[in-house]
Amino acid sequence: MPQITQSAAEFDVVKYFLQLLEDDKDMSSGIAAIKTLLMILEKKQFGTIHILHTTMREAVAAMRNTDLSIAAIVSAGELFCRFITLSLDDKHMEECRQIMLNRGKIFLTKLLNSRQVISQQAQRFISDGCRILTHSRSRVVLKALIAASQNKKSFHVFVTQGGTGNSGEEMVQELQAMGIDCTLILDSATGYVMESVDFVMVGAEAVVESGGIINRIGSYTMGLCAREMKKPFYVLSESFKFSRLYPLNQRDLPNEYKYSRKHLNDVSKVHPLVDYTPPAYITLLFTDLGILTPSAVSDELIKLYM
């Protein structure tokens with residue numbers, strides 16, 4: 001973890017946040033956001049809980065203004081603040097701060113282990129000789145596939161390119177480096193390949209209240225094809241990505257979730273970076289809270305925010 005060299009008052013939230021992601025390419029933006037908020041809590045002094053909440057909200061707003069996907073940043077920030085400030089009535093502020101620091105470290109430790117928990121849950125669904133379709137690059141899907149390979153299972157993975165950038169190619173290179181058979185395919189070949197696979201396994205940038213997901217553009221198309229061809233559609237996602245959004249369709253997603261910050265003034269000539277896959281197209285969600293049906297997500301969200 002990078003060290004803060006400035007005084008607490010001069011702590012640059014965005015710089016620290018981006019440095020975390022630069023130092024660890026495998027770290028998600030949600031985890032980096034939580035580590036940044038924890039560092040603020042450790043280095044700064046707060047006169048009241050209200051000031052702490054205001055400072056945290058300002059920090060999350062600053063991290064949202066980067067060109068990274070904001071879905072995980074927002075949900076992770078909300079959950080972190082909710083978890084550390086539970087039941088702090090009638091205590092001195094410094095005592096509260098120490099309690100919150102301890103809770104924050106426990107929360108972070110639990111989340112850092114979430115990919116391991118999810119990958120273990122997915123093992124029973126990855127059988128020897130199966131054929132899997134995944135969309136672009138997902139860290140948690142990659143971990144699950146590597147774990148299955150290390151358990152001496154042989155399978156083939158079809159990886160879509162994932163639109164702009166080379167994330168699909170990166171996923172293929174990482175799978176091949178672990179000795180996993182895989183094929184890079186065009187996003188437009190999803191329908192062609194779907195009939196030959198056993199199931200679809202994707203990650204998510206956010207899981208919304210309905211049990212649907214926000215993920216890289218093309219996930220909705222993949223969900224449509226999977227349902228039409230009666231293939232299971234599995235989602236692997238950490239619980240810090242559970243978000244209190246309830247979109248009904250693609251238009252309901254806020255533009256700041258769908259487009260990069262530099263294009264927000266005029267989105268008429270750019271394509272969205274993410275889409276919304278409704279719960280009707282999702283078979284199961286593998287999370288660190290357990291294996292859930294889409295309808296169970298709202299219950300888990302209520303528990304998280306109680």
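The values are calculated or read from the model by the stated rules, or taken from the named source; none is laboratory data. Predicted model only: the values in this text are computed from it and were never measured. So basically every Cβ, Gly included, is an ideal-geometry build from the backbone, and we count neighbours across all protein chains shown. Side chains included, ligands, DNA and RNA excluded: accessible areas come from the protein's heavy atoms. Shrake-Rupley method; radii C 1.70, N 1.55, O 1.52, S 1.80 Å.
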Exercise for the section: Excluding residues fewer than 8 places away in the same chain, name every one of the lysines whose C-alpha is closer than 16 Å to that of Lys15. Expected result: Lys25, Lys35, Lys43
Practice task
Take the alpha carbon atoms of the stretch 44-63, find their center, do the same for the stretch 118-186, and report the distance between the two centers in whole angstrom.
Solution key: 40
Completion exercise
Taking a ≥ b ≥ c as the square roots of the eigenvalues of the Cα gyration tensor, with a/c under 1.5 meaning rounded and otherwise prolate when a/b exceeds b/c and oblate if not, the stretch 59-211 is prolate
Handout entry: Highest to lowest packing among 144-155, 66-77, 243-254, scored as the average C-beta count within 10 Å
Key = 66-77, 144-155, 243-254
Exercise for the section: Assign unit charges at the C-beta atoms only (+1 for Lys and Arg, -1 for Asp and Glu), then state the dipole size of the chain relative to its Cα centre in Debye, rounded to the nearest 20. Expected result: 240
Practice task
Go through the stretch 170-176 residue by residue and turn each phi into a ³J(HN,Hα) via Karplus (6.51, -1.76, 1.60, θ = phi - 60°); whole Hz please, and just put x for glycine and proline.
Solution key: 4, 4, 4, 4, 5, 5, 5
Handout entry: Å² of accessible area per residue within the stretch 8-115, as computed with a 1.4 Å probe and no ligands counted
Key = 48
Fill in the blank from the handout: Candidates Tyr281, Tyr192, Tyr257; GNM for the chain (alpha-carbon contacts under 10 Å) flags as most fluctuating Tyr192
Practice task
Ignoring everything but the protein chains, give the 1.4 Å probe accessible area of Arg139 in square angstrom, nearest 10.
Solution key: 80
Handout entry: Which label in (1) 131, 62, 42; (2) 62, 46, 37; (3) 73, 52, 38 gives the computed Cα extents along the principal axes in Å
Key = (2)
Problem - Candidates Lys35, Lys143, Lys230: whichever shows maximal mean-square fluctuation once the chain is modelled as a Gaussian network with Cα springs under 10 Å - result: Lys230
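Measure off, as a whole percent, the carbon and sulfur share of the 1.4 Å-probe accessible area of the chain, all protein chains present. Could you put the intermediate results ahead of the total?
Working: 7140 of 14420 Å².
Of the solvent-accessible surface of the chain, carbon and sulfur hold 50 percent.
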Practice task
Can you work out the accessible area per residue across the stretch 118-305, with the rest of the protein chains kept in place, probe 1.4 Å, in square angstrom?
Solution key: 45
Problem - Solvent-accessible area of Leu304 with every protein chain in place, 1.4 Å probe, in Å² to the nearest 10 - result: 50
Completion exercise
Dipole check, the chain, charges on Cβ (K,R +1; D,E -1), about Cα centroid: among Gln98, Ser127, Ile34 the Cα furthest to the positive pole belongs to Ser127
Completion exercise
Listed by chain and number, the residues whose amide H is under 5 Å from that of Glu205, excluding neighbours fewer than 5 places away on the same chain and using placed H, are Ile214, Asn215, Arg216
Handout entry: Bridge type composition, the chain - antiparallel percent by DSSP, nearest 5
Key = 35
